[in-house]
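Read the figures in this text as sums done on the coordinates, not as results from a lab. Note that the structure is a prediction, hence the values are computed from the model and not measured. Here the Cβ positions follow ideal geometry from the backbone for every residue, glycine too, while neighbour counts run over all protein chains shown.
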Amino acid sequence: MVAATIRSRCVARRRRAFCGLIRNGYSAGFTLVELLGVVAVIGILAAIGVTSSRGAIERGRNGQAIAEIMAIDVQIQGFRSAYDSLPVSLAGIGKAGVLDPWGNPYEYGRISDLVGHTRKDRFLHPLNSDFDLYSMGADGLSAPAITSVDSLDDLVRANDGHFVGLATAY
């Protein structure tokens, strides 16, 4: 009987405390300012996450394009060893229509065929002496000089294959 009385007093106190808050004009929830603060913090964290994930995706695409350029370079060198000449196009090694990670075809040209149109470094010297092989990058634009605004995101083969990477890094 004593335990039942104590229990009923506790329940009554809880009800009074809760009802008292509502009667005095207060509620047991969060204020609008608190909710807006939480939403703002979540928005900032989401923006940071999206920005960093975009950078990681772009680095991954660059790495994929570099690997593919290196693989195509190896196949071209194999063709050169077998036939003692360079292929006229990427079709000669079975890579016609191969697209880079941005959906653009890889660009290839023998230096002997590209007179006046070879890729050039910041000193306007040709990047290669045998052939040019590159991806036009995310913007899909390119210019002969790798210092041009259109070429900054290009992934290039330079120094006759001793460098493969972003044009800005060369």
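Its residue count N fixes a reference of 2.2 N^0.38 Å for the stretch 77-170, and the Cα radius of gyration divided by that reference is 1.04. Between the stretch 110-152 and the stretch 32-53, the C-alpha centres lie 43 angstrom from each other.
Rg and Dmax over the alpha-carbon atoms of the stretch 34-75 stand at 18.4, 62 Å. Protection proxy ranking, highest mean first, for peptides 77-88, 44-55: 77-88, 44-55, where packing is the per-residue count of other beta-carbon atoms within 10 Å, averaged.
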